[in-house]
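Each remark here refers to the structure printed beneath this line.
The values are calculated or read from the model by the stated rules, or taken from the named source; none is laboratory data. The shown structure was predicted, so the numbers you read here are calculated from the model rather than taken from an experiment. Glycine also receives a Cβ, built like all others from the backbone with ideal geometry; neighbour counts cover every protein chain displayed. Just the protein is used for accessible areas: all its heavy atoms, side chains included, with ligands, DNA and RNA removed. Shrake-Rupley method; radii C 1.70, N 1.55, O 1.52, S 1.80 Å.
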Amino acid sequence: MRAAGREIDWFVCSPRRRAIETAAILEPAVGLGAEPAADWADQDFGEADGCARATLSAGLVRAAQMSPGRPPAPGAESWNDYVARIAQALSRSRPPRSGPAESPDPAGRGRGRSILVVTHGEAVNAVHQVLLGLPLGWPGPLGMVVGTTGLCVWREEPLDPYRPEFGWEWRLVRHNDTSHLHEQPDISGWLACR
């Protein structure tokens, strides 16, 4: 399996059963076994965990948007805490840049490497918040639709390809790409923003 024209060097997944099962389906195509990593689990809703999503969704999203630093239920993780956890997961999978794009990475991960993560929609929104440089406390989640098995691809590129010393930035290459599915959902009636 190739990601953005590159072989995948590292394959990680959320420890939740649905992510592990999805990763297992992908393993033969990837040619690597997925490493479950707790940091990529979906947001911990504490006492609200396990409740019907339809019952909770509007209230939990509203709570995250109005008070991203406040846990939405007793024992729950606030949106800010969740984004911070995802930021940590990103930093562990991609060490800070300190040289050319293809400089060696002793762990075999990070700079110049392709990393495949099987995770959850909330994690994708948190990744977007981190890589877009939005601060903690930003009313989240961002409200971007993330479909089941939707692919999101970020690429780190120099601000100026001829002068990488000017710095680097993250660019969203694909969001919620479901072109690999046989049957595409009908989104003609969906509102583009909310």
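Out of all the residues in the stretch 8-52, which are over 14 Å from the mean Cα position of the chain (by Cα) and among the small types (Gly, Ala, Ser)?
Ala23, Ala24, Ala29, Gly31, Gly33, Ala34, Gly46, Ala48, Gly50, Ala52
When the stretch 58-78 is examined, which residues are found to be in a helix (DSSP H, G or I) and either at pLDDT 65 or above or surrounded by 11 or more Cβ atoms within 10 Å (Cβ to Cβ) (or both)? I'd like the intermediate steps shown before the answer.
The first filter runs over the stretch 58-78 and keeps only residues in a helix (DSSP H, G or I), leaving 58-66.
Answer for the stretch 58-78, where residues must be in a helix (DSSP H, G or I) and either at pLDDT 65 or above or surrounded by 11 or more Cβ atoms within 10 Å (Cβ to Cβ) (or both): Gly59, Leu60, Val61, Arg62, Ala63, Ala64, Gln65, Met66.
Do you know which of the residues in the stretch 152-168 that are open to solvent by 60 Å² or more (accessible area, probe 1.4 Å) and in contact (Cβ under 8 Å) with a residue 12 or more places away in the chain is farthest from Asn125 (Cα to Cα)? Don't jump to the end; show me each part of the working.
Taking the stretch 152-168 first, the residues open to solvent by 60 Å² or more (accessible area, probe 1.4 Å) are 155, 159, 161-163, 165-166, 168.
Going one step further and asking which of them are in contact (Cβ under 8 Å) with a residue 12 or more places away in the chain, we end up with 155, 168.
Values: Arg155: 16, Trp168: 21 Å.
Checked the stretch 152-168; the qualifying residue farthest from Asn125 (Cα to Cα) is Trp168.
For the stretch 129-145, which positions are open to solvent by 40 Å² or more (accessible area, probe 1.4 Å) and either basic (Lys, Arg) or touching a strand residue (DSSP E or B) at 6+ places or on another chain (Cβ under 7 Å) (or both)?
Passing the criteria: Met144, Val145.
Taking interchain pairs and intrachain pairs at least six residues apart, which have beta carbon atoms under 9 angstrom, with the first residue in the stretch 26-52 and closer than 17 Å to Glu122 by Cα and in contact (Cβ under 8 Å) with a residue 60 or more places away in the chain and the second assigned to a strand (DSSP E or B) and not charged (D, E, K, R)?
These pairs meet every condition: Trp40/Val12; Trp40/Cys13; Trp40/Val117; Trp40/Val118.
Scan the stretch 25-46 residue by residue and report those that are part of a loop (DSSP other than H, G, I, E, B) and out of contact with any Cys (no Cβ under 6 Å at 6 or more places or on another chain). Don't jump to the end; show me each part of the working.
Step one: of the stretch 25-46, the residues part of a loop (DSSP other than H, G, I, E, B) are 31-34, 37, 41-45.
Those that are part of a loop (DSSP other than H, G, I, E, B) and out of contact with any Cys (no Cβ under 6 Å at 6 or more places or on another chain): Gly31, Leu32, Gly33, Ala37, Ala41, Asp42, Gln43, Asp44, Phe45.
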